[in-house]
Amino acid sequence: MGTEPGLTTPTPASTTRRDFAEQVADAYAGNPAVAAVLLGGSAARGHADRYSDIELFVIWREPPTEADRAMAIAAAGGDLVTLYPVEDNDVGPLWQDAWKIGRLGDEPFTGVEVDGSHLLVGTVERVLGDVVDLCDPDPTKQVAVGGILHSIPLHGAQLIANWQERAARYPDGLRVAVVKAHAQIEFLWRLDAYVARDNPVAGHQLLSAAHEDLLYVLLGLNRVYYSGFKSLTAVVSDLPIAPHDLLERIRASYPLRAGTSRAIVTALVEETHDLVEEQLPEIDVDRLREILRYDRPLWE
């Protein structure tokens, strides 16, 4: 895989992290229990910056032991920070590591952060089935599928290619499911209340939640898997179906201001509802508008 759509060449930070990832992959590939190694995240997509880590995904045929994980890190010349115990989430069993690769001189723990995630082959197959075949809109599962689709294969190229071929089919049913899960945006009248109460914590929380739901809806309309909102520039670059000047208008909503912030986000949601009505007529947009436009009466 190359650079994310909308970007012409990978950033220098992406290139550096890709080079490190290729070196690291060999340390895992020597273990016969490892089926595949992938580079994901911003480095794979081409928009990494100095704050970005290396998102490494190691896919195992059988559960890895702590010794398996520690030995690979040592073989790669890394500085181990933490081996986290296995956790079970919506995706399945997940093992995570934090470590660093590369040093400034001989000083340990000065390299690039590696965020290692370990999954089983069966987990990847099941999540692909949930999202692509059963149209499960779960964001955690979408991150996994989108991560595979946009990853750079480092080991197990044919297996990864098969998964990417499946992930590339973003079905109509998933599009509808994602939009339905996030299109009901409400309680925006509370923004002005939080300004009046001098409560920026609750106000910004509500404003950010509205923007996140808005972006989820637009991702669905554009058949783009959710991959996080770390870089809004990268997210918006993948959304040809969207309100005009989307990124600039989102940013203009902050800091929270009486009247202004609510007006900006409400207009964005209204325009997004228009797009939903145009793209997915089976969704009851009139009801969404009614909920959005509710304004609680004020009483002294």
**Report entry** Contour excess over end-to-end distance, with Cα ends at residue 252 and residue 209 and 0.36 nm allotted per residue
**Finding:** 13.9 nm
Query raised in the report: Given the rule -39500 (n - 2.57) for each run of at least 4 DSSP H residues, summed and divided by the residues of the chain, what is its mean residue ellipticity at 222 nm, to the nearest 500 deg cm²/dmol?
Result: -14500 deg cm²/dmol
Query raised in the report: Arranged from highest to lowest average of other beta-carbon atoms within 10 Å per residue, in what order do the peptides 77-86, 111-120 appear?
Result: 111-120, 77-86
Report task. Would you mind checking the stretch 237-281 for residues with the amide N under 14 Å from a putative spin-label position 7 Å along Cα→C-beta of residue 197? Result -> none
Requested in this report: Pairs of Cα atoms under 8 Å, at least six residues apart: use those to get the relative contact order of the stretch 125-206, whole percent.
Outcome: 29 percent
Query raised in the report: Which percent of the accessible heavy-atom area of the chain goes to carbon and sulfur, probe 1.4 angstrom?
Result: 53 percent
Requested in this report: Report, in order of residue number, the helices in the chain meeting two criteria: a C-alpha extent of 18 Å or more along the helix axis, and a mean Kyte-Doolittle hydropathy of at least 0.5; treat each whole DSSP H run as one helix.
Outcome: 200-221
Query - Approximate spin-label separation residue 244-residue 50, in nm, with each point projected 7 Å along Cα-to-Cβ - result: 3.7 nm
**Report entry** Length-normalised contact order of the chain in % [C-alpha pairs under 8 Å, at least 6 apart]
**Finding:** 15 percent
Requested in this report: Rounded to whole Å and sorted largest first, list the principal axis extents of the Cα atoms in the stretch 62-217.
Outcome: 56, 42, 25
Requested in this report: Treating cross-link reach as a plain straight distance, find the lysines whose alpha-carbon is under 25 Å from the alpha-carbon of residue 141, omitting any fewer than eight places away in the same chain.
Outcome: 180, 230
Query raised in the report: With r defined as the distance between the Cβ atoms of residue 71 and residue 106 and R0 fixed at 30 Å, what FRET efficiency is calculated, to the nearest 0.05?
Result: 0.85
Requested in this report: Quote to one decimal, in nm, the extra length available between residue 267 and residue 135 on full extension: 0.36 nm per residue of separation minus the C-alpha distance between them.
Outcome: 44.6 nm
Query raised in the report: Measuring from label point to label point, each 7 Å out along Cα→Cβ, what is the residue 165 to residue 62 span in nm?
Result: 2.9 nm
Report summary line: Sorted by chain and then number, the residues having a modelled amide H within less than 5 Å of the amide H of residue 155, at least 5 places away or on another chain, are 37
Report task. Please work out the FRET efficiency for the pair residue 189 and residue 222, using the Cβ-Cβ distance as r and a Förster radius of 41 Å; give the result to the nearest 0.05. Result -> 0.90
Requested in this report: Run the quick spin-label model on residue 33 and residue 88: label points 7 Å from Cα toward the beta carbon, then report their separation in nm to one decimal.
Outcome: 1.9 nm
Report summary line: Output ordering of 212-219, 160-167, 261-268 (per-residue mean of other Cβ within 10 Å, highest first) is 212-219, 261-268, 160-167
Report summary line: So for the stretch 89-165, using the alpha carbon gyration tensor with a ≥ b ≥ c as root eigenvalues (a/c under 1.5 gives rounded; past that, a/b versus b/c decides prolate or oblate), I'd call it prolate
Requested in this report: Specify the inter-centroid distance of the stretch 228-281 and the stretch 182-217, based on alpha-carbon positions, in whole Å.
Outcome: 13 Å
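The values are calculated or read from the model by the stated rules, or taken from the named source; none is laboratory data. From a predicted model like this one, the values you see are computed outputs, not experimental measurements. Every residue, glycine among them, receives a Cβ derived from its backbone with ideal geometry; neighbour counts consider all protein chains shown. With ligands, DNA and RNA removed, areas are computed over all heavy atoms of the protein, side chains included. Shrake-Rupley method; radii C 1.70, N 1.55, O 1.52, S 1.80 Å.
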